[in-house]
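One structure is given here, and the rest of the page talks about it.
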Amino acid sequence: MRERRCRCFLAAAGPHLLAEDYDDFAEMMEAYVSGDTDRQESALRRASEKRGAPASSRLTAAFKGAVRDCQQ
């Protein structure tokens, strides 16, 4: 079950992300799965501070896709 969910997250998010986004995306999804919205927002904010608005936009699109497509 867990492996299938990870695959779904990557399939849904992959088209939106660049290689440098993966660690931030993984942290956002880990926080999402655990219900830690503060940590999720913090990861997005740090990515935006480090790599700018385009990174924030990519991560947001990837996150929305993963949540939409992987509701199992």
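Read-outs: derived from the displayed coordinates by stated rules, not from any lab. Small disclaimer: the values here were computed from a predicted structure and weren't measured.
How big is the convex hull of the Cα atoms of the range 16-72, per residue, in Å³?
Dividing the Cα hull volume of the range 16-72 by its residue count gives 67 Å³.
Any chance you could run the full-extension gain for ALA53 through ASP23? It's 0.36 nm times the residue separation minus the Cα-Cα distance, nm to one decimal.
9.1 nm
In degrees between 0 and 90, to the nearest 10, how far off the longest principal axis of the chain does helix 2-13 point, with axes built from Cα atoms?
Helix 2-13 sits at roughly 50 degrees to that axis.
What value, in deg cm²/dmol to 500, does the helix sum -39500 (n - 2.57) over DSSP H runs of n ≥ 4 give at 222 nm once divided by the residues of the chain?
Values: 4 runs with 57 residues, N = 72.
-25500 deg cm²/dmol, from helical runs alone.
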